[in-house]
C-alpha cells in the first residue's frame with residue numbers, strides 16, 4: 001500500500017505541475033457551464049404575460065360573465081386586459097404585435113370581440129359567437145385566447161343544457177323560474193375538477209443541470225490522467241524501472257487508480273462549490289451529493305480502465321477515451337435532457353453513468369437522502385463490473 005501511495009503522490013505532483021488537470025478538471029467544465037447558463041438562463045427565468053384587448057359591443061350579462069373570466073386571468077398574472085372601442089382598433093393593435101418594426105401605438109397578443117346581441121341570443125337559446133382575433137406575432141398568446149373563449153362557450157353550453165333538461169322534465173317556463181334555474185346551473189360545482197397538489201420537486205434548475213452535465217462530462221477526461229498513466233509510463237520508459245524494482249506489480253495499478261480517484265473527487269468537489277457560489281447552482285443535500293460523486297468517479301475509473309487495458313498506445317487510448325466520453329455524454333443527457341425525447345432513447349440512456357448521476361441529483365431535490373440510493377447503486381455497479389473486466393487486462397499489461 002505504501003508503494004501505491006508513493007506512485008500516486010508522484011503522479012499527482014506531475015499533473016499539478018503541468019497544469020493539465022486544472023484545465024480539464026476545473027476551468028473547462030466551469031467555463032462551459034458559465035457560458036451555457038448565460039445563454040439559456042434567461043429562458044428559465046422568463047415569464048409569460050399576454051396583452052389582450054376586449055371590444056364589448058354587447059354589454060349584457062353573458063358579456064359581463066366573460067369579462068369576469070378574463071379578470072381571473074389578470075389576477076393570476078397570465079394576461080393584462082384592456083378594453084377598446086371598436087373591432088378595427090383591436091385588429092390594428094394585434095397587427096402591431098406582428099410588425100416588429102412598428103413603434104406606433106399599443107399592441108396586443110390577441111383580441112376578443114363580444115358582438116352586439118350576444119347575451120340576447122344566448123338567453124334565447126340561439127347560436128352566438130365570440131370573435132377571437134389572433135396574430136402571428138404571438139402564437140402562444142393567440143392559442144391561449146382561443147382556448148379561453150372555447151372554454152367559456154363550453155361552460156355556457158353546459159348551463160343551457162341544464163336549463164333545457166329541467167324544462168323538458170316539467171319545470172316552470174316563466175321567466176322568473178328560468179332565471180332561478182339558470183343561476184343554479186351556473187353555480188353548480190363541476191363533478192370533475194383539476195387541482196394543483198404540491199409535491200416534492202424532482203427537477204434540477206437549468207444552471208444546476210448544466211453545471212452537473214459539464215462536470216460529469218469532463219470527469220472522464222480528468223480520471224483518464226491516472227488510469228491511462230500506465231501507457232504513458234511505458235512510452236517514456238519509466239514503467240520498466242518500476243517493474244525492475246522489488247515491488248508488488250499490483251501496487252503500480254493501485255497507485256494509478258488512487259491518482260484517478262483523487263483527481264476525480266477533487267475536480268468534482270471544486271466544481272460543486274464553484275458552481276454554487278458563482279452560478280447559484282443548487283445541488284442538494286451535501287451527503288447525497290458526496291455519495292453520487294464518489295460513485296460516479298468509481299464508474300468512470302472502471303470504464304476508462306477498460307480503455308487503458310485494451311489500447312496498445314497512449315495515442316490510441318486518448319482517441320478511444322474521447323470517442324467513448326462523447327458518446328456516453330450525448331446518450332446520458334449531459335447537454336440536453338434525454339427524458340424530453342422519451343421512448344427507447346430514454347431507456348438506452350440508463351446504460352450510461354451520466355444519466356444515473358443526473359437522475360440522482362434530480363431525485364435529491366426532494367430532500368430525501370434515500371432518493372439517491374438507487375442511482376448510487378447503479379453507478380457502483382458500473383464501476384465494479386467494468387473495473388472487474390479491466391483488472392486482468394491491466395495486470396497483463398504490467399507483466400508483459
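Of the residues 98, 107, 102, 86, the single one that is at pLDDT 85 or above and assigned by TED's automatic domain parsing to the domain that holds residue 149 is 86. Residues in region 115-127 that are assigned to a helix (DSSP H, G or I) and buried (at least 16 other Cβ atoms within 10 Å of the Cβ): 118, 119, 121, 122, 123.
Among the residues of region 81-95, those that are free of Cβ contacts under 8 Å to residues at least 40 places away in the same chain, part of a helix (DSSP H, G or I) and either surrounded by fewer than 17 Cβ atoms within 10 Å (Cβ to Cβ) or over 41 Å from the mean Cα position of the chain (by Cα) (or both) comprise 88, 89.
Checking each residue in region 46-80 for being part of a loop (DSSP other than H, G, I, E, B) and either within 40 Å of the chain's Cα centre (by Cα) or at positive phi (or both) picks out 46, 47, 48, 49, 59, 76, 77, 78.
Listed here are the residues, each with its yes/no results for (1) assigned by TED's automatic domain parsing to the domain that holds residue 258; (2) at pLDDT 85 or above; (3) more than 30 Å from residue 140 (Cβ to Cβ); (4) in contact with a strand residue (DSSP E or B) (Cβ under 9 Å, 6 or more places away or on another chain).
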| residue | (1), (2), (3), (4) |
| --- | --- |
| 2 | no, no, yes, no |
| 15 | yes, no, yes, no |
| 19 | yes, no, yes, no |
| 24 | yes, no, yes, no |
| 32 | yes, no, yes, no |
| 38 | yes, no, no, no |
| 53 | no, yes, no, yes |
| 58 | no, yes, no, yes |
| 61 | no, no, yes, no |
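When region 128-158 is limited to residues that are assigned to a loop (DSSP other than H, G, I, E, B) and farther than 17 Å from residue 51 by Cβ, the one that is modelled with the lowest pLDDT turns out to be 128.
In the set (1) in a helix (DSSP H, G or I); (2) under 23 Å from residue 254 (Cα atoms), residue 275 fails one condition alone, (2).
The values are calculated or read from the model by the stated rules, or taken from the named source; none is laboratory data. What you see is a predicted model; the values in this text were computed from it and never measured. Glycine gets a Cβ as well: all are built from the backbone with ideal geometry, and neighbour counts include every protein chain shown.
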